[in-house]
Amino acid sequence: MIKFFLSFLVIQSFLFTLTILPSVFWSVVIPFTKSVAATSAWLIMLFDANVLSDGIMVRNASNGFAVTILPGCNGLEAVVILVSAMLAFHAPWVHKLVGILLGFLLVQVANILRIISLFYLGQWNMNLFEWAHLYIWQALIMLDALIIFLIWLRFLPCKLNQSLASS
């Protein structure tokens, strides 16, 4: 357990450091954040034609309300924590890769739902928007990563699960 925890901390530190390096930040994080905004706007446009995506911003063209998706709001932090846990855990590489790919997708689906809900919540009630943004959704995205990790653990090969249960 200590080996897992220390590995988790080292991998997580490395990945978080990687995301703040200027070359990675500007060539990966910002374009990814723009794609999250564009995807969110595209999904909203299926029901509301007044929505525009402009870089990292999703805006309502009729009333001017906008949400800006900053690097802390793009879901990558939860993905880094999830990937760190999966990489640190003793499991076959195939299972790690499948878990990382599916986990990334599931965290991003939850994050896009978060952005869409906040987009409409902010147009309805700013106090509730702030509360949901700062407290509810932050916790839910991290909880999403934890649940994905726990489900991933459940689907590891039987021999590995049996050795986990006995230790």
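Between (i) 18.5; (ii) 10.4; (iii) 11.0, which matches mean projected area of the Cα convex hull in nm² calculated for the structure shown?
Read-out from the structure maps to (iii).
Top mean-square fluctuation among 84, 27, 117, Gaussian network model of the chain, C-alpha springs under 10 Å?
The residue that fluctuates most here is 27.
Report, to the nearest whole %, how much of the accessible area of the chain belongs to carbon and sulfur atoms, 1.4 Å probe, protein only.
Answer for the chain: carbon and sulfur cover 75 percent of the accessible area.
Given Cα pairs under 8 Å that are at least 6 residues apart, what percent is the relative contact order of the chain?
Relative contact order for the chain comes out at 21 percent.
Leaving out ligands and nucleic acids, note down the accessible area per residue over the chain with a 1.4 angstrom probe, in whole Å².
Here the residues of the chain average 60 Å² of exposed surface.
For segment 78-92, take each phi angle, set θ = phi - 60°, evaluate the Karplus expression 6.51 cos²θ - 1.76 cosθ + 1.60, and give the result in whole Hz per residue in order, putting x for glycine and proline.
5, 5, 4, 5, 5, 4, 4, 5, 5, 5, 6, 7, 6, 7, x
Name the residues whose placed amide hydrogens come within less than 5 Å of the amide hydrogen of residue 51, ignoring near sequence neighbours (fewer than 5 apart) on the same chain.
Under 5 Å from the amide H of residue 51: 61.
Gaussian network model of the chain, Cα springs within a sub-10 Å range: biggest mean-square fluctuation belongs to which of 83, 109, 36?
Among 83, 109, 36, the largest mean-square fluctuation in the Gaussian network model of the chain belongs to 109.
Spin-label point model (7 Å from Cα, Cβ direction): what's the residue 4 to residue 54 distance in nm?
Computed distance between label sites residue 4 and residue 54 equals 4.8 nm.
Nothing charged except the Cβ atoms of Lys and Arg (+1) and of Asp and Glu (-1): what's the magnitude of the dipole of the chain about its Cα centre? Round to the nearest 20 debye. The partial results should precede the final answer.
Numbers: 7 positive and 5 negative charges, 103 e Å.
In total the dipole reaches around 500 debye.
The values are calculated or read from the model by the stated rules, or taken from the named source; none is laboratory data. The shown structure was predicted, so the numbers you read here are calculated from the model rather than taken from an experiment. No Cβ is skipped: glycine too gets one built from the backbone with ideal geometry, and neighbour counts run over all protein chains shown. Areas reflect the complete protein model, heavy atoms only, side chains present, ligands, DNA and RNA absent. Shrake-Rupley method; radii C 1.70, N 1.55, O 1.52, S 1.80 Å.
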